[in-house]
Amino acid sequence: MEKKCLIELKCIEKEFDGEQVLKGISLSIRNREFVTLLGPSGCGKTTTLRIIGGFESPTSGDVLFEGRRLNDIPPYKREINTVFQRYALFPHLDVAENIAFGLRLRKLGEQEIQTKVRTMLELVGLRGFERRKVTSLSGGQQQRVAIARALVMQPRVLLLDEPLGALDLKLRKDMQLELKKIQQSTGITFIYVTHDQEEALTMSDTVVVMNHGIIQQIGSPTDIYNEPVNAFVADFIGESNILDGVMVRDELVRFCGRSFECVDKGFGEQTPVDVVIRPEDIKLTFPGDALLQGVVESIVFKGVHYEMMIRTEHFTFMVHSTLAEPVGKTVGLSVVPFHIHIMHKTEAAQ
Amino acid sequence: MKKYMAYPYGVWMLIFIIAPILLVVYYAFTDKSGALTLGNFTSMLSYTSIFGRSFLLAFAATVVCLLLGYPLAYIMSKQPPRWQNFYMMLIMLPMWMNFLLRTYAWMSILENNGFINQFLQNIGVIRLLNTLLRPEAPIEYLPLINTGGAVVLGMVYNFLPFMVLPIYNVLIKIDKKLIEAAQDLGAPSGAVFRKVIFPLSMPGVIAGITMVFVPAVSTFVISKTLGGGKEMLIGDLIDLQFMGNAYNPQLGSAIALVMMALVFLCMLIMNRFDDGSGEEGGLLL
């Protein structure tokens, strides 16, 4: 993506009553990009979004929009619109008037407003809902009105604060794809906040993983999933087995009382590290064919795969497999070197 | 099970609300001998000016209450939560004192030789007015008491909390996100107020107007004490029919009934204005 930088955050810090919520967030977002801020609740992702929207001002640091400092510009003067978490539709206005709210403030002609409102309603699939009360709509429909209300302003940037959080799973999946489609067809930069890693991976060009007010990793969904930089990211993006290990030397790591070949280097010798192994990367074998042996403790059917907890001498592994093994059976666990991920220990990782 | 819990109130309502209203209706349509008649209503025509004055003064008091009460409620709702409780207490404070006592207090303030006039005499304002305006007979005091203004003042003083509280209650419940959404869509603070906060506070305004207008239009203590005999209101008229020398409960009932109908009509009109979020406003009737 060779597109110029649209929004830049420079060392943003934010304090609420002496508590530091953001500890130096630096981030640049390119034009037409779909960026997701991902993290557990309380990680500062919503605060970051609110700072970009202008609803909070940073304690220190700068927000730049096309190189211009945005800090002191009030929200109503920013070319940025927001889709709020609980939609925040105006209950005293009907669907059409909710969407027309911003257009009326721009003093557009009645004809133009009606045309734009109609186009938007069609885009979000709510044709004929003009005169409905917003309180009579379902959650999914309210969501669409909220999106239409923000999009009709033709913002440069659309901020979305966990917009699908209140919808049921099926509807959420549909809306994810629809939002992605809207983003691609309108070419508007989306900054999306969620705690749902699957949602982040499905929609984003870039995922920003946050924890405790610090950016943990920035990268494409594939990078984040395949090359997590630390145990926190690995654990947050999908399920992981995280073990204490010692890097003996390059390409050799020791955990669970055994030494394993791996592909990582540059950690030094005898360095304590986090070892991360994805549940789907562990293959179950005959006990004699693997370095580790364990007993199946429990098994849960998850649809596509079975999730088994397998207790070994030092650690209980989570294993995903399409084949079920009976509880109590002793099995071997094997992992190819490529799937053993070695990470530096960090305080932020829990 | 829970249904039975409402029975005591049902009985209460029957004895002390429904039965008296039926009694009032009965009296209103009968003469002293008990025969059916509309005479009570036709004889009321001579009191039209009292009806007019009552509604006019109550209307004026309601408008003043709204103009004072809305900004007060708005500013209060913007304060930090623990200050809000303090301000709330300040507003409720006068209501802890007896209604009659409060009104008498105003009497002694507004009287011809009351607090204000004495003060004005002492600082020489009265003398100044006499020299400047040169009236035919030099005045000794400003006529404050026994005027329509004094009655309106008494109404505003006594009923202002009833305007502030419902508006405040609605204002603090407005979702802050709606204000942010309006700003987000390009509204400066003035537009946020006009297009979001004020329309959403309408149920509170309607409730406030009702709670001020209804007692104001039917009061007789305030007009009696602060209006003297000059500013007779419907309340005084009714009072006179039951407790005064004009003893005529049939006429009193008819007046009460007509006033009830008029107030009901006013409320009906009020609720028309509240089309936006009609569910809440409708509860008032």
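Of all the residues in region A:140-170, those that are more than 18 Å from the chain's Cα centre (by Cα), of a type outside the set (Gly, Ala, Ser) and part of a helix (DSSP H, G or I) number 9.
Output yes when any residue across region B:150-173 is closer than 30 Å to A:THR82 by Cα and either basic (Lys, Arg) or not in a helix (DSSP H, G or I) (or both), and no when none is. Checked against the condition, which is being closer than 30 Å to A:THR82 by Cα and either basic (Lys, Arg) or not in a helix (DSSP H, G or I) (or both), region B:150-173 yields at least one hit. The C-beta contact set for region A:103-132 (first residue under 22 Å from A:GLN183 (Cβ atoms), second residue among the basic types (Lys, Arg) and in a loop (DSSP other than H, G, I, E, B), distance under 9 angstrom, 6+ apart or interchain) comprises A:ARG118/A:ARG127; A:LEU121/A:ARG127; A:LEU126/A:ARG132.
Yes or no: region B:111-131 includes at least one residue that is within 14 Å of chain A (Cβ to nearest Cβ) and of a type in the set (Asp, Glu). Taking every residue of region B:111-131 in turn, none turns out to be within 14 Å of chain A (Cβ to nearest Cβ) and of a type in the set (Asp, Glu).
Among the strands (runs of 3 or more DSSP E) confined to region A:204-316, the ones with at least 1 residues that are more than 14 Å from A:ILE342 (Cβ to Cβ) and touching a Ser or Thr at 6+ places or on another chain (Cβ under 8 Å) are located at A:206-211, A:214-219, A:283-285, A:292-301, A:306-311.
Condition (residue is in contact with a Leu (Cβ under 9 Å, 6 or more places away or on another chain) and within 16 Å of B:ALA150 (Cα to Cα)) applied to region B:93-104: is it met by at least one residue? The answer is yes, given that some residue of region B:93-104 is in contact with a Leu (Cβ under 9 Å, 6 or more places away or on another chain) and within 16 Å of B:ALA150 (Cα to Cα). Check region A:195-214 and report whether any residue there is touching a Leu at 6+ places or on another chain (Cβ under 7 Å), farther than 22 Å from A:SER41 by Cα and surrounded by 16 or more Cβ atoms within 10 Å (Cβ to Cβ). No. Restricting attention to region B:84-137 and to residues that are of a type in the set (Gly, Ala, Ser) and assigned to a helix (DSSP H, G or I), the residue that is surrounded by the most Cβ atoms within 10 Å (Cβ to Cβ) turns out to be B:ALA105.
Residue by residue, here is whether (1) small (Gly, Ala, Ser); (2) crowded, with 17+ Cβ neighbours inside 10 Å; (3) on the phi > 0 side of the Ramachandran plot holds:
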site: B:VAL11; (1), (2), (3): no, no, no
site: B:LEU14; (1), (2), (3): no, no, no
site: B:ALA35; (1), (2), (3): yes, no, no
site: B:THR42; (1), (2), (3): no, no, no
site: B:ILE50; (1), (2), (3): no, yes, no
site: B:ALA60; (1), (2), (3): yes, yes, no
site: B:VAL63; (1), (2), (3): no, no, no
site: B:LEU68; (1), (2), (3): no, no, no
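Residues checked against (1) touching a residue at least 40 places away in the same chain (Cβ under 8 Å); (2) within 13 Å of chain A (Cβ to nearest Cβ); (3) in contact with a Lys or Arg (Cβ under 6 Å, 6 or more places away or on another chain):
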{"residue": "B:GLN183", "(1), (2), (3)": "no, yes, no"}
{"residue": "B:GLY186", "(1), (2), (3)": "no, yes, no"}
{"residue": "B:VAL192", "(1), (2), (3)": "no, yes, no"}
{"residue": "B:MET202", "(1), (2), (3)": "yes, yes, no"}
{"residue": "B:ALA207", "(1), (2), (3)": "yes, no, no"}
{"residue": "B:MET211", "(1), (2), (3)": "yes, no, no"}
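The residue that is nearest to the chain's Cα centre (by Cα), among those in region B:215-236 that are of a type in the set (A, V, I, L, M) and surrounded by fewer than 23 Cβ atoms within 10 Å (Cβ to Cβ), is B:VAL221. Within region A:145-175, the only residue that satisfies the criterion of being small (Gly, Ala, Ser) and either without any contact (Cβ under 8 Å) to a residue 12 or more places away in the chain or in contact with a Phe, Trp or Tyr (Cβ under 8 Å, 6 or more places away or on another chain) (or both) is A:ALA146.
As for region A:68-87, it holds at least one residue that is away from every other protein chain (no Cβ under 14 Å) and not in a loop (DSSP other than H, G, I, E, B).
Against the definition (among the polar types (S, T, N, Q) and outside any loop (DSSP other than H, G, I, E, B)), how does B:SER33 come out, yes or no? In short, no. Scan B:ALA216, B:ALA187 and give me the residue that is of a type in the set (Gly, Ala, Ser), assigned to a loop (DSSP other than H, G, I, E, B) and closer than 24 Å to B:LEU72 by Cα. Going through B:ALA216, B:ALA187 in turn, just one is of a type in the set (Gly, Ala, Ser), assigned to a loop (DSSP other than H, G, I, E, B) and closer than 24 Å to B:LEU72 by Cα: B:ALA187. The set of residues in region A:135-175 being exposed (fewer than 15 other Cβ atoms within 10 Å of the Cβ) and closer than 26 Å to A:ILE113 by Cβ consists of A:THR135, A:SER136, A:SER138, A:GLN154. Pairing each residue of region A:181-193 that is over 14 Å from A:ILE7 (Cα atoms) with any residue that is surrounded by fewer than 23 Cβ atoms within 10 Å (Cβ to Cβ) and of a type in the set (Lys, Arg), provided the two are 6+ apart or on different chains, yields C-beta distances under 6 Å for A:GLY187/A:ARG32. For region A:88-117, taking the residues that are part of a loop (DSSP other than H, G, I, E, B) and within 29 Å of the chain's Cα centre (by Cα), the one that is nearest to the other protein chains (Cβ to nearest Cβ) is identified as A:ALA88. Kindly indicate whether any position in region A:32-42 is within 26 Å of A:VAL152 (Cβ to Cβ) and either within 14 Å of another protein chain (Cβ to nearest Cβ) or without any contact (Cβ under 8 Å) to a residue 24 or more places away in the chain (or both). Scanning region A:32-42 turns up no residue that is within 26 Å of A:VAL152 (Cβ to Cβ) and either within 14 Å of another protein chain (Cβ to nearest Cβ) or without any contact (Cβ under 8 Å) to a residue 24 or more places away in the chain (or both). Among the residues of region A:197-226, the ones that are acidic (Asp, Glu) and in contact (Cβ under 8 Å) with a residue 60 or more places away in the chain come to 2 in all.
Run down A:GLY266, A:GLY245 and say which single residue is small (Gly, Ala, Ser), in contact with an Asp or Glu (Cβ under 8 Å, 6 or more places away or on another chain), outside the structural domain of A:GLU122 (by TED's automatic domain parsing) and surrounded by fewer than 17 Cβ atoms within 10 Å (Cβ to Cβ). Break it down stepwise before answering.
Numbers: A:GLY245 fails: surrounded by fewer than 17 Cβ atoms within 10 Å (Cβ to Cβ).
Step by step, each of A:GLY266, A:GLY245 is checked, and only A:GLY266 is small (Gly, Ala, Ser), in contact with an Asp or Glu (Cβ under 8 Å, 6 or more places away or on another chain), outside the structural domain of A:GLU122 (by TED's automatic domain parsing) and surrounded by fewer than 17 Cβ atoms within 10 Å (Cβ to Cβ).
Restricted to strands (runs of 3 or more DSSP E) entirely inside region A:1-45, those with at least 3 residues that are within 19 Å of A:ASN71 (Cα to Cα) are A:5-16, A:19-30.
B:VAL192: modelled with pLDDT of 90 or more and within 30 Å of B:GLY39 (Cβ to Cβ), yes or no? No: the conditions fail for B:VAL192. Out of all the residues in region B:249-285, which are surrounded by fewer than 15 Cβ atoms within 10 Å (Cβ to Cβ), more than 14 Å from every other protein chain (Cβ to nearest Cβ) and at pLDDT below 60? Result: B:GLY282, B:LEU283, B:LEU285. When B:ASN169 is tested against (1) surrounded by 20 or more Cβ atoms within 10 Å (Cβ to Cβ); (2) away from chain A (no Cβ under 14 Å); (3) within 30 Å of A:ARG149 (Cβ to Cβ), exactly one condition is not met: (1). Exactly one residue among A:SER60, A:SER138 is in contact with a strand residue (DSSP E or B) (Cβ under 7 Å, 6 or more places away or on another chain), more than 10 Å from chain B (Cβ to nearest Cβ) and not aromatic (Phe, Trp, Tyr), and that residue is A:SER60.
The values are calculated or read from the model by the stated rules, or taken from the named source; none is laboratory data. Since the structure is predicted, the reported quantities are computational estimates derived from the model, not experimental observations. As a convention, Cβ positions derive from the backbone with ideal geometry for all residues, glycine included, and neighbour counts pool all protein chains shown.
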